[in-house]
Structures are given as structure tokens and as C-alpha cells.
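Here the structure comes first, spelled out in C-alpha cells, and everything after it is commentary.
The values are calculated or read from the model by the stated rules, or taken from the named source; none is laboratory data. Fair warning: this is a prediction, and the values are worked out from it, not measured in the lab. Note: ideal-geometry Cβ built from the backbone for every residue, glycine included; neighbour counts use all protein chains shown.
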Amino acid sequence: MNRSDDDRLGGWYRALLLAYPAAYRGERGEEIVGTLLDGARPGQRWPSPREACGLVVGGLRSRVGAATHRPARDIWADGVQLAALVVLAVAVCRATWWFFWARESHDLVNAVTASWPPGWWRPPAVAGIAATVAAIVAIARGWAVAAVVLIPTGYLAKLLASVFLSGVQLSNGSLWSYHIGQSEQWLYVVAALAAVFMPGSGYGASPKPSRALGVGGGGTRRQA
Amino acid sequence: MSSSMRTPTYFILAALLDEPLHGYGIVKRAEELSSGRVRLTAGTLYAALDRLSSAGLVRTDREEIVNGRARRSYVLTDAGLEAVREEAEWMAEAAKVVTSDRRQQPSPRSAARPAARPVTRTVVMPA
């Protein structure tokens, strides 16, 4: 195997190593690539599917912490952080879809929109979605305090937009229960709880951080 | 650690019995020792090596660059040697349960089974 094949195959393996945490890659990445190149067939230019799967699974396991001896609390904290990210991403998608696509086609809401100044819902809707996106960034960066502030802000702004959209009908019950059932508010509750328990929040050292995930599991299941 | 060691882990430790090896050396030796049954991917190998290092069963020896490739070799520690021997003895014990002489004779039940077969057939065939 010549050097250019080495470079090409090594490049593929380096890309697959992105499945591993950056710190691990920095420490062991080149050694793993070296081992993979040692095991390559002469002239091999593409990663073997077996090795590719091995790297992706190994990388994910080391991210979760299953492959290393980390305290269970840290593993839970990472899992909770990941759960919050997923939950907020789903909330952003749902809210964007609801306000900017589905709203148009929904008779229940269109019937009462006229009773409120048209367009008032737009600023709080945009602000709510923006705050939720900011919360995702905050959680990814580990800024727990910012996340704990941004998540309810996003939710309340979005709720305000819903009120502007559906107007007085909120008081008659049916539309309200429709919102309870359909909105992604459970997602926000789950994410806020997760943010409280994530590393860096100061509560990560709580003796039972898994409780946050337990509540989260219930919330998302109800959502589905 | 005895009785809970996974097969790849066992063969990684066994591969290091004779001499320190680098990553690919371990993959090849483990495959050899297991008659081709243990084929480690780099992902599995390094996950196991990390686990074994932090458990103190294996330690890194020296690092070098060969043909532009980074290599680090691994050595079995005394604790690692003890662990793999303990596991080997446990497996030998466990194997005896099945392979000992009294199990070599066919039991009355398995001897009876072939005889039962034609009977079933004659019942089924006409239908």
C-alpha cells in the first residue's frame, strides 16, 4: 500500500472517528488510524463496513461512557443533556411547523383569528422559536443557567402567540384542551427539568439525577 | 473478574501473554489463538483496551511512529496475567461439566429418539 492510498483510507477512518468525543480523538485517534491502516488490504481505498460499524458503535459507546469507567452520575448527566437537546429540537420543529404551515389549514383556529388584530401572533411566535433555538445552543455549550431561563421564555412566548391566534375561544375549554393535547408543552417541561440536572447546573451532583430522566421519559411518551 | 470476562477480552489478554504487542498485533494474535473466531474491529479493540487499562490489567509500553503510522504497544500487567489465568481455569472447570467421561455415553433419551422417527413418518405420510 502506497502513501496516497494510506492518506485516502486514513482520511475516511479519521472521518469515522468523529463518532468519538474530541478529547478521545486527540489522545488516541492517530493510534487507532494506524491500527486500521496496518490491518488494511494492499491497495484498499475504502473502509471495510465491519470496521466502519465498529468505529461508529465504539464512538457512540465512548460518548455515552459505557466503554469507560466513569461514575454513573456523569453518564446520567450526559444522557440527560442529550435528552434535553433532542426534546428541544423536536419542540422547535413542531412549533415552526404549527405556526408557519399547519396554522393556515386549521379551521378551528382560522375561525377565531379574525377577532384579534391579525399578525399579532407573529412576533411572539418568532421570539419563542428563537429563544428555544438559543436554549439548544446553551445546553450544547453547558450554560445551564441560560438554558433554565431560555426554555420557559421560549415556552411562554409561544403560548402568547397561541393565545393571539386562537383568541377568546381559549376560555370556552375545547380549544384550550386541544392546545394541552396537541402542543409541545410537555417537551418544554422535560427539557427544563433536564437542564436543571445537567452538568454545570450545580444540581448535577444531586444524589438522584436519574429522576429528571424518569420524568422526561413519561413526558415524551405522553407526547407520542 | 472470573466468569464474567467476555470472549474478546479473554483473547486480548491471551494475545499479550508472550510479548507486548501494538494494536494490529493484538488483532492478528487474537484471531490466531481463537482459530479465527475472534475478529476484533478497531472499535472493539480500543474500547476493551481502555477498559483493561483503567482496570490495571494492561498498560501501555512504548509509542513509536512506523511508516508514518502511530503505534503504541501494550503489556500485560501482573494483575492482568492473574486475571486471564483465573479465567482460563474457570473455563476449564466449566468445560469439564460437559466434556467429562460420564457425558460421552449417549443417554437413554437421545438413543430412543431415532427409533421414534419412522413411527411419526408412517402416521404423517398417508395424509
Out of the residues in region B:55-88 meeting the condition of being within 10 Å of chain A (Cβ to nearest Cβ) and at pLDDT 90 or above, tell me which one is farthest from residue B:15 (Cα to Cα).
B:55
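Every residue, every condition in (1) within 24 Å of residue A:60 (Cβ to Cβ); (2) among the hydroxyl-bearing types (Ser, Thr, Tyr); (3) within 12 Å of the chain's Cα centre (by Cα), yes or no:
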position	(1), (2), (3)
B:5	yes, no, yes
B:9	yes, yes, yes
B:13	no, no, yes
B:21	no, no, no
B:47	yes, no, no
B:51	yes, no, no
B:61	no, no, no
B:89	no, no, no
B:95	no, no, no
Looking at B:36, B:68, can you tell me which residue is under 18 Å from the mean Cα position of the chain (by Cα) and closer than 18 Å to residue A:41 by Cα?
B:36
Scanning region B:1-52 for residues that are among the charged types (D, E, K, R) and either in contact with a Cys (Cβ under 8 Å, 6 or more places away or on another chain) or within 11 Å of another protein chain (Cβ to nearest Cβ) (or both) gives B:28, B:31, B:39, B:50, B:51
Name the residue that is nearest to residue B:63 (Cα to Cα), counting only residues in region B:19-46 that are part of a loop (DSSP other than H, G, I, E, B) and among the β-branched types (Val, Ile, Thr).
B:41
Pairs under 7 Å by beta carbon, first residue of a type in the set (Lys, Arg) in region A:23-52, partner surrounded by fewer than 17 Cβ atoms within 10 Å (Cβ to Cβ) and at pLDDT below 90, six or more apart or different chains?
A:45/A:5; A:45/A:8
Anything in region A:28-67 that is more than 7 Å from chain B (Cβ to nearest Cβ), in contact with a helix residue (DSSP H, G or I) (Cβ under 7 Å, 6 or more places away or on another chain) and under 21 Å from residue B:21 (Cα atoms)? List them, or say none.
A:29, A:33, A:40
Those residues that are assigned to a helix (DSSP H, G or I) and touching a residue at least 12 places away in the same chain (Cβ under 8 Å), I need them from region B:54-87; list them, please.
B:79, B:80, B:81, B:83, B:84, B:86, B:87
Show the residue pairs meeting these rules: Cβ distance below 7 Å; 6+ apart or different chains; first residue within region B:27-45 and closer than 15 Å to residue A:39 by Cα; second residue surrounded by fewer than 16 Cβ atoms within 10 Å (Cβ to Cβ).
B:31/B:39; B:38/B:7; B:41/A:50
